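These notes are about the structure you will find just below.
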Amino acid sequence: MLFDFATVLAFVVAAVGFAAITLLMGSILRPRFPNAEKETIYECGERPHGAAWFNFNPRFYIVALVFVIFEVEVALTIPVALVFRNWVFRSQGMVAFWEIFAFVLILFTGLIWIWVRKDLDWVKRFTAGKADVAGGTR
Amino acid sequence: MQETLDRLIREVLHEDPQVWAGSWVVYAAALLAVGFGLTVFGALVAGLTSWWERRIAARMQSRIGPNRVGPQGTLQFLADALKLIVKEDLVPPESDQMLFRIAPYFVMTGFALTFVVLPFGYHLSATRMNVGLFYLIAVTALVVVGIMLSGWASNSKWALFGGMRAAAQVVSYEIPGGMLALVPILMAGSLDLHEIIRAQGGFPWDWFVFQTPWGFIAFFLFFATQLAEGNRTPFDLPEAESELVAGYMTEYSGIRFGYYFLAEWGNLWVMSAVISTLFLGGWQVPFVSAETLAGWEAAGTVPVAFYGVSTAVFVTKVVVLMNVIIWVRWTLPRIRVDQMMSVCWKYLVPIGMGLVLLAALTEVLSFQLFGDAAKGPAPLGTPRGALHLAFFAVAGAVPTVLFFRKIFRNIRLTGDRIDLTNW
């Protein structure tokens with residue numbers, strides 16, 4: 001197992017080295033004539049209006065939260081799926097199946113809840129500063 | 001790989017790898033060589049794919065495409081790489097300098113790390129990890145870090161929008177991707193990519209895609225999630241040039257820009273290899289059954305030709321899949337961002353959950369029905385194979401009929417007609 005991790009480390013070194021070497025080679029060969037016009041941030045040919053580091057649409061935040069929850073779910077299910085066949089061949093398949101079923105069902109309930117709350121809708125409507133929950137006015 | 005190196009040390013250098021201190025040097029050198037070699041292999045594949053894709057795109061659009069550099073333009077990618085390397089490297093002074101410079105390294109690392117476990121043929125891969133698929137899901141997430149960093153560090157509104165969109169898309173599609181990958185894991189009972197391949201057989205009906213209807217559905221959905229994770233059409237919204245300029249790459253130029261495209265085209269190989277491993281039998285050669293292979297291994301007489309043939313089979317499958325991905329790109333239009341999110345969360349995720357449960361239930365039931373015969377692939381002649389075929393026929397026929405009904409309805413509604421005269 002340690003050897004596998006060493007391989008991963010070697011690949012990290014190789015990938016970073018590959019990128020660094022090409023960049024280094026380039027820095028010897030390539031020209032460098034910066035000027036103010038060239039170095040402006042692209043904004044359709046206009047002078048950029050302020051920095052781009054501003055508050056951003058919260059729906060990405062919600063997507064990220066939902067992602068974390070479900071990714072953990074996938075990560076927890078993978079080991080169960082891995083040993084599932086061992087359980088099956090020990091004739092305990094139904095037990096394992098109902099356990100997976102219960103786990104997925106709870107998560108599915110979560111998905112339904114997010115769905116009903118309309119957090120999955122890309123164009124989410126906000127009414128008077130509070131989220132439009134199911135059954136509310138639309 | 002450690003066994004091979006140990007044998008090398010014992011037989012060529014006449015040292016005991018357990019006690020000899022120099023074996024660490026041998027290990028490190030060999031690993032670095034393999035790592036560097038496979039990274040270069042990935043870069044070459046990416047370059048050749050870029051040329052091949054441009055040729056196919058040109059063909060599909062009645063153009064010629066790049067055909068000047070080298071025979072049929074095959075060396076075009078070298079010319080492009082050289083041009084990118086000697087091109088002026090612009091780092092906007094208003095951007096976050098350090099993050100802007102590191103971001104491509106994350107993308108390159110995430111791309112190169114997938115080659116640690118990707119199989120190339122029988123017993124051919126950098127390592128055999130018992131957590132292979134899990135590792136693969138984990139390291140591909142590194143690319144997202146690079147994308148978000150580049151989007152944020154550029155200090156450009158286009159890059160920010162593009163980066164956020166790309167991140168939202170890639171992380172969203174990781175969920176159904178992981179769930180659909182559970183279907184072959186359930187059927188193989190292993191995460192080691194070579195073990196997953198060995199749980200399948202050489203003939204198409206031994207592949208996981210045709211083993212159960214759930215595998216069949218999961219194959220197509222997994223293909224779609226892989227397209228989305230690789231930012232390929234119809235899911236290439238992060239690079240929607242008509243609305244986002246160049247997305248998160250807007251401020252990049254020169255070879256830094258090149259790394260993103262290297263990773264994107266190289267990812268075609270990665271995703272095709274993963275799909276063919278999970279669903280299409282990987283390197284399994286027809287007419288070489290699992291028993292034959294086990295016999296060879298027990299006797300220690302695996303023919304050298306088998307390594308070559310299995311690699312050829314695997315590469316053929318990968319290249320065919322890569323071509324399909326390229327055809328998809330030049331055939332389908334790009335979908336809208338809200339459609340992209342709803343396809344993922346409202347269709348793929350619930351269907352993925354259902355498929356996992358159905359695949360698990362099928363495993364249980366087929367063991368109860370067929371006993372020990374349920375442990376391997378189901379050959380066509382056996383009752384289990386016949387049952388699978390019947391399942392498959394029904395589960396395949398219903399969507400097919402519905403699909404064609406819908407197509408013909410659309411054709412009728414728009415007053416169009418099917419014209420085959422120009423074939």
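We did not get these values from a lab; they are worked out from the coordinates using the rules stated. This is a predicted model, so every value here is computed, not measured. Note that each Cβ is placed from the backbone with ideal geometry, even for glycine, and that neighbours are counted across all protein chains shown.
Just a few scattered comments:
- Chain B, helix-only ellipticity at 222 nm - DSSP H runs n ≥ 4, -39,500 (n - 2.57), divided by all residues, nearest 500: -22000 deg cm²/dmol
- When you filter the trypsin sites (Lys or Arg not before Pro) in the stretch A:17-122 for DSSP loop state and at most 13 other Cβ atoms inside 10 Å of their Cβ, you are left with A:Arg32, A:Arg90.
- Shown is the FRET efficiency for B:Val40 and B:Glu15, computed with R0 = 41 Å from the Cβ-Cβ distance and rounded to the nearest 0.05: 0.85.
- Looking at the stretch B:39-116, the GluC sites (Glu not before Pro) that sit in a DSSP loop and have at most 16 other Cβ atoms within 10 Å of their own Cβ are B:Glu88, B:Glu94.
- Three-way shape label, the stretch B:378-423, alpha-carbon gyration tensor, a/c 1.5: oblate
- Comparing B:Phe367, B:Phe403, B:Phe392 in a Gaussian network model of chain B (Cα springs below 10 Å), the most mobile by mean-square fluctuation is B:Phe403.
- Taking 0.36 nm per residue of separation and subtracting the Cα-Cα distance, full extension of the segment from B:Val25 to B:Thr331 would add 105.1 nm.
- Among A:Ile112, A:Ile69, A:Ile21, residue whose mean-square fluctuation peaks in a GNM of chain A (springs only between Cα atoms under 10 Å): A:Ile21
- Considering all different alpha carbon pairs of chain B, the Kirkwood hydrodynamic radius works out to 23.7 Å.
- Cross-link partners of A:Lys38 among aspartates and glutamates, defined as those whose alpha carbon lies under 14 angstrom from its own and excluding same-chain residues fewer than eight positions apart: A:Glu46, B:Glu88, B:Asp89, B:Glu94, B:Glu251.
- Among the chymotrypsin sites (Phe, Trp or Tyr not before Pro) found in the stretch B:232-339, those both in a DSSP coil and sparsely packed, with 15 or fewer other Cβ atoms within 10 Å of their Cβ, are B:Phe287, B:Trp330.
- Between the alpha-carbon centres of the stretch A:66-80 and the stretch A:12-26 there is a gap of 34 Å.
- Footprinting exposure proxy for B:Asp192, B:Asp416, B:Asp206 (fewest neighbouring C-beta atoms within 10 Å first): B:Asp416, B:Asp192, B:Asp206
- Within the listed set A:Phe89, A:Phe101, A:Phe11, the Gaussian network model of chain A (springs between alpha-carbon atoms below 10 Å) gives the highest mean-square fluctuation for A:Phe11.
- Centre separation in Å (Cα based) which lies between the stretch B:383-410 and the stretch B:126-155: 37 Å
- Cα pair distances in the protein assembly as shown, grouped into 10 Å bins until the bin that holds the longest one, percent each: 3, 15, 25, 26, 19, 9, 2, 0, 0
- Förster radius 25 Å - calculated FRET efficiency between B:Arg59 and B:Thr421, Cβ distance, rounded to 0.05: 0.75
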